[in-house]
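Since every read-out is calculated from the coordinates, none of them should be taken as a lab result. Note that this is a predicted model, so its numbers are computed, not measured. Note that we place each Cβ from the backbone using ideal geometry, even for glycine, and neighbour counts take in every protein chain shown.
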Amino acid sequence: MYGISIYSIIALVLAAIVAVIGATQLAGPRFVTAAYNGWDYPKRVRVITGLLDIIAAPMLAAPAIRGWGLALTAILIFGSVVTFLSHQQYRLTIPAIGLMAALIPATVSVQRPGLGRSL
């Protein structure tokens, strides 16, 4: 398919999902702000998390820095899973764990020294 692998497609889909998550965090709709308020997190936590998601998304999309994007995204997703579990919101962990699992095949598309391009 035009020289792009399934692993790169997974990374690009993850980038889009992370961008939507970040935009949602920054927009702060009622359900998001209610969750953060219920967890006693200050507003800046939501904003910083949203900004980090927005930063991670293009990093996931760019093959040259995809490894850094995967690392940042893994930290963000892990943090969300821990937050959901600690607040007993078990159903919310399912999609987050799914995103975390999708990071695994996306790592195959990371550029490696000497190869010159992603797989």
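Points worth noting:
- Within region 6-42, chymotrypsin sites (Phe, Trp or Tyr not before Pro) in DSSP loop having at most 14 other beta-carbon neighbours inside 10 Å: W39
- Karplus 3J(HN,Hα) series, Hz, for region 19-30 with 6.51 cos²θ - 1.76 cosθ + 1.60 (x for Gly, Pro): 5, 5, 4, x, 5, 5, 4, 5, 5, x, x, 3
- Relative to the longest principal axis of the Cα atoms of the chain, helix 90-106 runs at roughly 20 degrees.
- Note, ³J(HN,Hα) from phi for region 65-73, Karplus 6.51, -1.76, 1.60, rounded to Hz, x at Gly and Pro: 10, 4, x, 5, x, 5, 5, 5, 5
- Mean Cα-pair separation over length for region 6-107, i.e. relative contact order, pairs under 8 Å, 6 or more apart, %: 32 percent
- For the chain, modelled as a GNM whose springs connect Cα atoms under 10 angstrom apart, the maximal fluctuation among A34, A15, A74 occurs at A34.
- Calculated mean residue ellipticity at 222 nm for the chain: -25000 deg cm²/dmol, from DSSP H runs with n ≥ 4 weighted as -39500 (n - 2.57), summed, divided by the residue count and rounded to 500.
- Here semi-axes √(5λ) of the Cα gyration tensor in Å was calculated from the structure, and among (1) 29, 14, 11; (2) 30, 22, 17; (3) 19, 16, 14 it sits at label (1).
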